[in-house]
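Bear in mind that the values in this text are calculations on the coordinates, not laboratory data. Values in this document were obtained by computation on a predicted structure and should not be read as measured data. Please note: Cβ atoms are built from the backbone with ideal geometry, for glycine as well, and neighbour counts cover all protein chains shown.
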Amino acid sequence: MAAMPAFRSGPVTVRVPATSANLGPGFDTLGLALDLEDEVTAELSDEFRVYVEGEGAGEVPEGREHLIVATLLTTYREMGIEPPDGLRLSCVNRIPHARGLGSSSAAIVAGILLAHALVDEPHALQKPAGALELAARLEGHPDNVAPCLLGGFTIAWTGEGGAQAVRLPIDKRVQPVVYVPQTRGLTAHARAALPASVPHRDAVFNAARSALLVHALTKEPELLLEATDDRLHQPYRAQSMPETANLVAELRDAGIAAFVSGAGPSVLALLVGPGGALPDPPDGWWSRSLSCSSTGARIVVARHADSDPVAAGPIS
């Protein structure tokens with residue numbers, strides 16, 4: 001029988017960052033947290049009801065089917081406790097939906113953290129490793145949920161015990177710039193474009209570039225252009241998102257390390273230090289300079305009063 005926990009009576013808030021996965025060659029393994037955050041507040045209620053401002057307003061489900069609520073209920077099942085009878089969820093969404101910036105991973109992480117923040121009793125899933133394993137299981141792969149939880153630049157993999165990740169420091173000269181189109185993309189469609197196998201030489205090419213990218217992001221960003229080259233997924237996806245492929249090519253021809261963000265269609269460019277002219281975004285796109293989010297997801301017990309980061313430091 002599920003246990004009945006002691007729930008908090010007041011609201012709790014979590015902030016979860018956007019993320020960019022793959023970073024060129026690091027398919028399903030490398031990720032970067034960005035300082036573009038969704039803020040979600042939950043408190044006990046007599047029904048499950050979701051209110052959304054910003055991205056997804058008027059589009060996403062407003063009850064149990066909402067991804068954050070569904071994740072929260074799944075988390076309580078994993079914890080072996082009885083969920084509350086209802087929940088009021090207020091979302092201020094800034095992460096674009098279905099653009100390759102980790103909006104679904106942010107929602108899953110938010111649901112897990114809110115489930116913990118609403119109960120007073122500690123549980124193993126409150127530890128970073130437990131949250132990462134569950135989030136990766138729900139998302140299907142750990143490349144976005146790892147930087148969302150840990151912040152910064154992460155390397156994620158799946159072993160016998162589930163998803164694991166480490167966080168590495170980023171050279172302070174690295175400056176991300178995101179290009180986002182109005183049109184949306186679906187990860188399932190992007191994955192469907194990938195072949196069942198790739199030439200051995202392409203696998204070797206990407207292995208070398210992924211290793212180089214770790215060095216470039218942490219110590220020598222002057223190597224980012226070469227380190228972000230890829231042969232495993234972007235060439236196969238180019239036909240389905242020609243504007244994205246053209247923008248990546250234009251930026252790279254200008255000497256800028258650019259790549260498809262996650263499954264696209266957004267593009268992330270990594271500049272080295274300030275200065276330098278960037279191409280204007282294509283018609284129907286917008287661009288923004290961001291910073292890397294060093295803290296990742298975090299719980300706010302009282303609105304606008306930050307607690308310590310929920311996941312600080314590497315985990316294994």
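Values computed for the structure shown
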| item | result |
| --- | --- |
| For segment 149-159, Karplus couplings with θ = phi - 60° (6.51, -1.76, 1.60), whole Hz, Gly/Pro x | 6, 8, x, x, 9, 10, 10, 10, 8, 10, x |
| For segment 72-86, 3J(HN,Hα) per residue [Karplus equation, 6.51 cos²θ - 1.76 cosθ + 1.60, θ = phi - 60°, Hz, x = Gly/Pro] | 4, 5, 5, 4, 5, 4, 5, 7, x, 10, 6, x, x, 6, x |
| Amide hydrogen neighbours beyond the local backbone of THR295, cut-off 5 Å, H modeled | GLY152 |
| Shape of segment 149-215, Cα gyration tensor, a/c cut at 1.5 | rounded |
| Estimated FRET transfer efficiency when R0 is 30 angstrom, pair GLU82-ARG184 (beta carbons, to 0.05) | 0.20 |
| Among PRO274, PRO17, PRO169, residue whose mean-square fluctuation peaks in a GNM of the chain (springs only between Cα atoms under 10 Å) | PRO274 |
| Expected-Rg normalisation [2.2 N^0.38 Å, Cα atoms] applied to the chain | 0.99 |
| Label-point separation, GLU47 to SER9 (7 Å along Cα→Cβ), nm | 2.5 nm |
| Amide hydrogen neighbours beyond the local backbone of LEU101, cut-off 5 Å, H modeled | none |
| R0 of 45 Å, Cβ-Cβ distance TRP286-ALA203: FRET efficiency to nearest 0.05 | 0.80 |
| Relative contact order (%) - criterion: Cα under 8 Å, at least six apart; region: the chain | 25 percent |
| Selected from ALA115, ALA254, ALA106 as most flexible by GNM, with the chain as the system and alpha-carbon contacts under 10 Å | ALA254 |
| For the chain, the longest site-free run once GluC sites (Glu not before Pro) in DSSP loop states with at most 10 other Cβ atoms within 10 Å are removed | 161-316 |
| Full-extension gain in nm, LYS172 to ALA277, via 0.36 nm per residue minus C-alpha separation | 35.8 nm |
| Volume per residue that the Cα convex hull of segment 174-289 spans, once the total is divided by residue count, Å³ | 99 Å³ |
| Most mobile listed residue (PHE153, PHE205, PHE259) in the chain, GNM with C-alpha springs under 10 Å | PHE205 |
